[in-house]
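Visitor: Input: one structure, supplied below.
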Amino acid sequence: MLSLERKGIADSSINLAEYIDHTLLLPMVTPEQIDQGCEIALRYGFPTFCVPPCYVPQVVERLHGSPVKVSTVVGFPLGTTTAEAKLYEAQLAVEQGCRELDVRINLAWLKAGELDRLHAEIAQLVEETGVCVKAILETALLTEEEKKLAGEICIDAGAAFLMTSTGWMGGATLADVQLLWQLSRGKVGVKASGGIRTVAQAEAMIQAGASRIGTSWGLELMQELRARGTP
């Protein structure tokens, strides 16, 4: 995991590519676009390439032997499938070679006060898959207190990252990234995701405490850096 210290792109020790979870999660994404996404992730050395579950086998084969990890989503984008369905979805992805899981938490349980069920779902996924689990909080739908509560539950349940958003119902904000960074207390990473399309936005998120940037604009970010003359 990258350092949780707040740093900016201006810091020469930072390589923006090392922060980017490249994603292609639109419902109409094609196999050809997935192949192109693999090429982009390989070219720039992104930590992961996050794809819909149906494309995990294709991406595992294409990225085999490379340092780019295959990532997918679980319970996406609503989070209200059953815990059993999420576990099956996660286990199948891991069996196929997936190494990181972006899991949409069940906000219905959070808002209904069924906190034990929320904790148990995340804890089971962590324990039974044995891979990096990023808990998607969907911060745009939560109050300040609910964000704190959800974050604390997911940390206690063993999640490796607190993640702001799916990008389907609002995106990352600096305030939310700062809050999650404070909640993490250096124990877990923070993934800013949703609406990040420029280097300036990515830089601001990293300065606020993000240790991963989830975006489908990975290529455009790298092209922007090249246009600036940044290595």
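Visitor: Kindly indicate the residue of the stretch 70-85 that is exposed (fewer than 15 other Cβ atoms within 10 Å of the Cβ) and of a type outside the set (S, T, N, Q) and also nearest to Ile34 (Cα to Cα) among those meeting that condition. Spell out how you get there, then give the answer.
Guide: First pass over the stretch 70-85, keeping only residues exposed (fewer than 15 other Cβ atoms within 10 Å of the Cβ): 78, 80, 82, 84-85.
Still in the running and of a type outside the set (S, T, N, Q): 78, 84-85.
Numbers: Leu78: 23, Glu84: 28, Ala85: 25 Å.
Top of the filtered list is Leu78.
Visitor: Hey, another quick one. Looking only at the stretch 29-52, how many residues end up being among the hydroxyl-bearing types (Ser, Thr, Tyr) and either assigned to a helix (DSSP H, G or I) or surrounded by fewer than 21 Cβ atoms within 10 Å (Cβ to Cβ) (or both)?
Guide: 2
Visitor: Name the single residue, out of those in the stretch 69-85 being touching a residue at least 24 places away in the same chain (Cβ under 8 Å) and either in contact with a Phe, Trp or Tyr (Cβ under 7 Å, 6 or more places away or on another chain) or assigned to a loop (DSSP other than H, G, I, E, B) (or both), that is farthest from Lys191 (Cα to Cα).
Guide: Thr80
Since every read-out is calculated from the coordinates, none of them should be taken as a lab result. Bear in mind the structure is a predicted one, so any value in this text is a computation, not a measurement. Here Cβ is always computed from backbone atoms with ideal geometry, including for glycine, and neighbour counts include all displayed protein chains.
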